[in-house]
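Enquirer: One structure, as structure tokens, below. Some questions next.
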Amino acid sequence: MLSLTKAERKELESLAHSHVHQAILDTILSHLTDDDKKKFLELVVLGDSDKIWSHLHERVEKIEEKIKDASEQIKKELKEDIAKVKK
């Protein structure tokens, strides 16, 4: 187990969360056209999750699977990095 203070653990969790969030956004944006990206970002600003998901489902086939794959890949990489530090 890594020896971390509470503050260090909280910071590491925050970094991991940000990394996963960034990977998901990258996955979404990489599958949208420029016009669809604009519409997606407008919906994000409005905070209407139902419209966001509707837009994504209309524009990207199997978007949920793509998001899940991206987040699983990041989690795998983070686990590998932690395992290296433990050695």
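Enquirer: Can you tell me which of His19, His57, His31 moves the most in a GNM of the chain? Springs connect C-alpha atoms under 10 Å apart.
Expert: Result for the chain, Cα springs under 10 Å: His57 fluctuates most.
Enquirer: Further question: Each residue of the stretch 27-35 in order: what ³J(HN,Hα) in whole Hz does its phi give by Karplus 6.51 cos²θ - 1.76 cosθ + 1.60, θ = phi - 60°, with x for Gly and Pro?
Expert: Once θ is set to phi - 60°, the couplings for the stretch 27-35 become 4, 4, 5, 6, 9, 10, 6, 4, 5 Hz.
Enquirer: Can you tell me which aspartates and glutamates have their Cα less than 19 Å from the Cα of Lys6? Leave out same-chain residues fewer than eight positions away.
Expert: In chain and number order, there are no partners.
Enquirer: About the Cα centre, and with charges only on the beta carbon of Lys, Arg (+1) and Asp, Glu (-1), how big is the dipole of the stretch 6-86? Nearest 20 debye, please.
Expert: 420 debye
Enquirer: Taking a quarter of the surface of the Cα convex hull of the chain, what do you get in nm²? The partial results should precede the final answer.
Expert: Values: hull surface 27.4 nm².
Result: 6.9 nm².
Enquirer: I've got another one for you. Take each of the peptides 66-72, 8-14, average the number of other beta-carbon atoms within 10 Å over its residues, and list them starting from the highest.
Expert: 66-72, 8-14
Enquirer: If each residue of separation counts as 0.36 nm, what is the full-extension length gain between Asp34 and Ser3 once their alpha-carbon separation is subtracted?
Expert: Details: separation 31, 0.36 × 31 = 11.16 nm, distance 4.51 nm.
The span from Asp34 to Ser3 would gain 6.7 nm if fully extended.
Readers should treat all values here as calculations from the given coordinates under stated rules, not as data from a laboratory. Please read all numbers here as calculations on a predicted model, not as lab measurements. FYI the Cβ positions are ideal-geometry reconstructions off the backbone, even for glycines, and counts take in every protein chain you see.
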